[in-house]
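Taking it in order: structure first as structure tokens, then the write-up.
The values are calculated or read from the model by the stated rules, or taken from the named source; none is laboratory data. Everything quoted here is computed from the prediction, not taken from an experiment. Every residue, glycine as well, gets a Cβ built from its backbone with ideal geometry; the counts of neighbours run over all protein chains shown.
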Amino acid sequence: MTTRRTAIAGMVTALLLGLTASTAAATDSAVGAPATPGEPFKRTELYFGGSRPDGTVITPAEFELFLDKEVTPAFPDGLTWLEAHGQWMGGKEDSYVLIILYPFDDRGANRELEEIRTDYKEQFDQQSVLRADSVERVSF
């Protein structure tokens, strides 16, 4: 693409983005909706299986010990974990869900999260640890 076409494409994109943002702002103020407070944060949920392949249960105490040793040092500012019920590959099992919110620009978080997944799979003989990422607005 030529430099002129690139510049025109960039201006059109900027114009469209500006129109979208101003339309959204106008819609919010027209309906009286206040601006959403907070800053953009990433939200990662990790889903951990709650039993080993031989059927033995990974107890809450074992999971908490894993959190204390592997997760908390990587994310000392806080986290949430829940006991859950789920099914995967045709079988039902208890599980654990870990929710971590971290600053959008935290470059080391991805590496830490992948290490947590790997460590859990190795320590508890798991095939997988599901990861789901999204972006949230967070206000403390």
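Some points to look at:
- Qualifying residues in segment 51-91 (those that are among the small types (Gly, Ala, Ser) and within 20 Å of the chain's Cα centre (by Cα)) - the one modelled with the lowest pLDDT: Gly86
- Selected residue [in contact with a strand residue (DSSP E or B) (Cβ under 9 Å, 6 or more places away or on another chain) and not hydrophobic (A, V, I, L, M, F, W, C)] from Arg111, Arg107, Arg117: Arg117
- Some residue of segment 55-77 being within 30 Å of Ala35 (Cβ to Cβ) and surrounded by 11 or more Cβ atoms within 10 Å (Cβ to Cβ): yes
- Residue pairs meeting the criteria (Cβ under 6 Å; at least 6 apart or on separate chains; first exposed (fewer than 11 other Cβ atoms within 10 Å of the Cβ), in segment 120-140; second outside any strand (DSSP E or B) and modelled with pLDDT under 95): Ser139/Pro37; Ser139/Gly38
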